[in-house]
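S.K.: One structure, as structure tokens, below. Some questions next.
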Amino acid sequence: MEPRKVWISENTKYNGYLDSGEQAILVCGERKGGTRFFALDITSPDSPTLLWWIDQNTAGFSELGESWSEPSFGKVKTSASDTDGTDVVFLGGGYSADNTKGRALFVVNLKTGALVKAFTSSSMTFSFPSAAFPVDIQNNGFTDKVYIGDIGGQMWRFASVDSAQGIKYADENINTWTAHVLFSAPQDTTKATAADRKFFYPPTVTLEKNFDLVFMTTGDRENPCDSETSDKIYAVKDDHDDTTVYESNLTNVTSSTNATIDYGTSDGWYINLSTGEKPLSNGTVFYGVYYVTTFTPITDDPCAIGGIGKLWGVGYKNGNVISELNFSGDSGRSTSLGGGIPSKPVLVLTEEGAKLLISVGSTEETEGSTSTGAGVVAADPLISKNFFELWWRQLTN
């Protein structure tokens, strides 16, 4: 059953253990199995208890579609005088192939399941199966804004915006937030409908000096073996105004592997992927490199090995080649992982160094093969030697 995620109370310095007074809550959805989300208190793993559940019949949640959205946690204020805030879970409205449901972002009280805020409007015409990406700009424990994409190729920002103050402004009172389309991907003219570039996974965000950079990829998770798609990797500047960015405002770096983006005149960059190639997980930025995996189908069976998994690693500000990675594909910006649909890249930091771990359907690429050789492959990310521990835990008798 998926998607799911665990919240740990007071976990700003979570150390792998539950300390006295802390609480662990597991929030689950049902993906194509239904329209329900539910929460379990798993503080005592051997005796979990049901905290709450919601579905289309719960007051305020009639817009829920299939519960694909992986839960995202945060804390929000509900008034200008609110100093304590409310622990919440952000839930995309869900998946609906015909966009008759799921056209919402729900903010739910994590402890009770009560609806804190539902963002819906007549302009939200596509469903939201993606997870949300909450951002705490001020690093004070309160969420300032949320990004989430829909299956109409639109990346939305939910926040309170003051154009005069720009990126410096952040109102943590969720009741002042409005819905705004930050970026709109163009129609795929090779396809019959406008909604063929779809956001199924959350973006990732870096906080720059005078703007934020939002990294996103299109790819139809519902139809991974479509061999005629033309999906893309995007990096879009958000300077907290009320305009919408279009692809024409970005720099095409598909062939410019050593480009330098002028963010005074350009709103970001994009890379055209090969026909049929599509990201089917979210990416991550680490030490100046944006990493994301892609899948290119060979057969129409996603469970067979008839497909190629790749890891892309590009300079996050310019989409350029990172020579230290020694990648050999796509002019030095990607490397082969094996067969089948790869997972997202998971960064692991240890005393021995850093690794990106990615699970794949097969560690070998064999066209048409139906063998099961699933495994985990590792890649060496670009990393600085100047990492230091910020905290530690020592147990004594």
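The values are calculated or read from the model by the stated rules, or taken from the named source; none is laboratory data. Keep in mind the model is a prediction, meaning the values are calculated, not measured. Cβ: placed from backbone, ideal geometry, glycine included. Neighbour counts: every protein chain shown. Heavy atoms of the whole protein, side chains included, go into the accessibility calculation; ligands, DNA and RNA do not. Shrake-Rupley method; radii C 1.70, N 1.55, O 1.52, S 1.80 Å.
S.K.: Pull out the extension gain between Ser122 and Leu207, defined as 0.36 nm times the separation in residues minus the alpha carbon to alpha carbon distance; nm, one decimal. Display every interim value, and only then the final one.
M.R.: Values: separation 85, 0.36 × 85 = 30.60 nm, distance 3.08 nm.
Once the chain is fully extended between Ser122 and Leu207, it gains 27.5 nm.
S.K.: Can I ask one more? Out of Leu26, Leu349, Leu337, any idea which swings most in a Gaussian network model of the chain, alpha carbons joined below 10 Å?
M.R.: With Cα springs under 10 Å in the chain, the top fluctuation among Leu26, Leu349, Leu337 is at Leu349.
S.K.: If N is the number of residues in the range 1-147, what value comes out of its Cα radius of gyration divided by 2.2 N^0.38 Å?
M.R.: Numbers: Rg = 15.2 Å, N = 147, 2.2 N^0.38 = 14.7 Å.
So the range 1-147 has a normalised radius of gyration of 1.04.
S.K.: I would also like to ask the following. Using only the Cα atoms of the range 229-278, build the gyration tensor, take square roots of its eigenvalues as a ≥ b ≥ c, and label the shape rounded, prolate or oblate: rounded if a/c is under 1.5, else prolate if a/b is larger than b/c, else oblate. Before the final figure, lay out the partial values.
M.R.: Numbers: a/c = 3.10, a/b = 1.50, b/c = 2.08.
Taking the square roots of the gyration eigenvalues as a ≥ b ≥ c, the range 229-278 is oblate.
S.K.: Suppose all protein chains stay in the model; what accessible area per residue would a 1.4 Å probe give for the range 178-309, in Å²? Write down the numbers at each step before the final one.
M.R.: On the way: 5030 Å² over 132 residues.
Here the per-residue accessible area is 38 Å².
S.K.: First measure r as the distance between the Cβ atoms of Ser47 and Asn109, then evaluate 1/(1 + (r/R0)^6) with R0 = 22 Å and state the FRET efficiency to the nearest 0.05.
M.R.: Details: r = 23 Å, r/R0 = 1.05.
That pair, Ser47 with Asn109, gives E of 0.45.
S.K.: Probe radius 1.4 Å, ligands and nucleic acids ignored: give me the carbon and sulfur share of the accessible area of the chain as a rounded percent. Write down the numbers at each step before the final one.
M.R.: On the way: 8360 of 18230 Å².
Here carbon and sulfur together make up 46 percent of the probe-accessible area.
S.K.: Can you give the Kirkwood hydrodynamic radius for the range 62-145, in Å, rounded to one decimal and based on Cα pairs? All intermediate terms of the calculation are to be shown ahead of the outcome.
M.R.: Numbers: mean 1/r = 0.0756 Å⁻¹.
Kirkwood hydrodynamic radius for the range 62-145: 13.2 Å.
S.K.: Would you pull out the residues with amide H under 5 Å of Leu182's amide H, same chain only if 5 or more places away, H placed 1.01 Å from N?
M.R.: Met155, Trp156, Arg157
S.K.: Moving on. Which of Ser47, Ser256, Ser20 ends up with the largest GNM mean-square fluctuation for the chain, with Cα atoms connected below 10 Å?
M.R.: Looking only at Ser47, Ser256, Ser20, the biggest GNM fluctuation is shown by Ser20.
S.K.: Let me ask another. Can you work out D for the range 181-256 in µm² s⁻¹ from Stokes-Einstein, where Rh is the Kirkwood radius over C-alpha pairs, the temperature is 4 °C and the viscosity is 1.567 mPa s? Don't skip to the answer; put the middle values down first.
M.R.: Numbers: Rh = 13.8 Å.
Answer from the Stokes-Einstein relation: 94 µm²/s.
S.K.: Sticking with this one: Answer rounded, prolate or oblate for the range 203-332, using the Cα gyration tensor with square roots of eigenvalues a ≥ b ≥ c: rounded when a/c is under 1.5, else prolate when a/b is larger than b/c, else oblate.
M.R.: Working: a/c = 2.07, a/b = 1.59, b/c = 1.31.
Here the range 203-332 falls in the prolate category.
S.K.: Separate question: Residues with amide H under 5 Å of Asp188's amide H, sequence separation 5 or more or different chain, H placed in the peptide plane at 1.01 Å from N; which?
M.R.: Asp196, Arg197
S.K.: For Arg103, what accessible area in Å² do you get when you roll a 1.4 Å probe over the heavy atoms of the protein chains, rounding to the nearest 10?
M.R.: 70
S.K.: On to the next question. Under the rule that an exposed site lies in a DSSP loop and has at most 14 other Cβ atoms within 10 Å, name the longest stretch of the chain with no chymotrypsin sites (Phe, Trp or Tyr not before Pro) of that kind, not counting the sites themselves. Mind dumping the intermediate values first?
M.R.: Working: sites that count: Tyr14, Tyr17, Tyr287, Phe387, Phe388, Trp391, Trp392.
Result for the longest clean stretch: 18-286.
S.K.: Whole-Hz Karplus ³J(HN,Hα) for the range 338-355, in order, using 6.51 cos²θ - 1.76 cosθ + 1.60 and θ = phi - 60°, x for Gly and Pro?
M.R.: Once rounded to whole Hz, the list reads x, x, x, 7, x, 6, 5, x, 10, 7, 10, 10, 10, 5, 7, x, 10, 9.
S.K.: Write down, largest first, the equivalent ellipsoid semi-axes of the range 97-237 in whole Å, where each equals the square root of 5 times an eigenvalue of the alpha-carbon gyration tensor.
M.R.: Values: eigenvalues 146, 70, 34 Å².
The three semi-axes for the range 97-237 are 27, 19, 13 Å.
S.K.: Give me, ordered by chain and number, the residues 5 or more places off Ser160 or on other chains with an amide H under 5 Å from its own placed amide H.
M.R.: Correct list: Asp171, Thr178.
S.K.: Right, here's the next one. Output ³J(HN,Hα) for the range 109-117: one whole-Hz value per residue in order, computed from phi by the Karplus curve 6.51 cos²θ - 1.76 cosθ + 1.60 with θ = phi - 60°, and x for Gly and Pro.
M.R.: 4, 5, 7, 10, x, 5, 6, 8, 7
S.K.: Okay, next question. For the range 120-132, just list the computed ³J(HN,Hα) in residue order, Karplus coefficients 6.51, -1.76 and 1.60, θ = phi - 60°, integers in Hz, with x standing in for Gly and Pro.
M.R.: Per-residue couplings from phi come out as 9, 6, 5, 7, 8, 9, 10, 7, 10, x, 6, 6, 8 Hz.
S.K.: Of the listed pairs Lys111/Lys355; Lys32/Lys317; Lys145/Lys344; Lys111/Lys232; Lys32/Lys310; Lys32/Lys111, which have alpha-carbon separations greater than 30 Å here?
M.R.: On the way: Lys111/Lys355 35 Å; Lys32/Lys317 36 Å; Lys145/Lys344 24 Å; Lys111/Lys232 38 Å; Lys32/Lys310 26 Å; Lys32/Lys111 25 Å.
Table pairs above 30 Å Cα-Cα are Lys111/Lys355; Lys32/Lys317; Lys111/Lys232.
S.K.: A follow-up question, please. Roughly how far apart, in whole Å, are the Cα centres of the range 94-128 and the range 57-92?
M.R.: A separation of 9 Å, based on Cα centres.
S.K.: Follow-up question, since we're still on this one. Could you work out the local net charge near Thr49, counting Lys and Arg as +1, Asp and Glu as -1, over the other residues with Cβ closer than 13 Å to its Cβ? Each step should come with its number before you reach the end.
M.R.: On the way: positive: Lys111; negative: Asp41, Asp46.
Every neighbour counted, the sum reads -1.
S.K.: Counting only the backbone N, which residues of the range 241-273 are under 20 Å from the spot 7 Å out from the Cα of Glu324 toward its beta-carbon?
M.R.: Only 257-261 fall inside the zone, counting backbone N under 20 Å.
S.K.: Moving on. Out of every Cα-Cα pair in the chain, what percent are more than 38 Å apart? Kindly include the intermediate steps, with their values, before the conclusion.
M.R.: Working: 14515 of 78606 pairs.
The calculated P(r) of the chain puts 18 percent of pairs beyond 38 Å.
S.K.: Which part of the range 124-146 falls in the paramagnetic zone of Thr176, meaning amide N under 19 Å from the point 7 Å along Cα-to-beta-carbon?
M.R.: Counting only backbone N, you get 135-146.
S.K.: Using only protein heavy atoms and a 1.4 Å probe, report how much of Asp267 is accessible, in Å² to the nearest 10.
M.R.: 40
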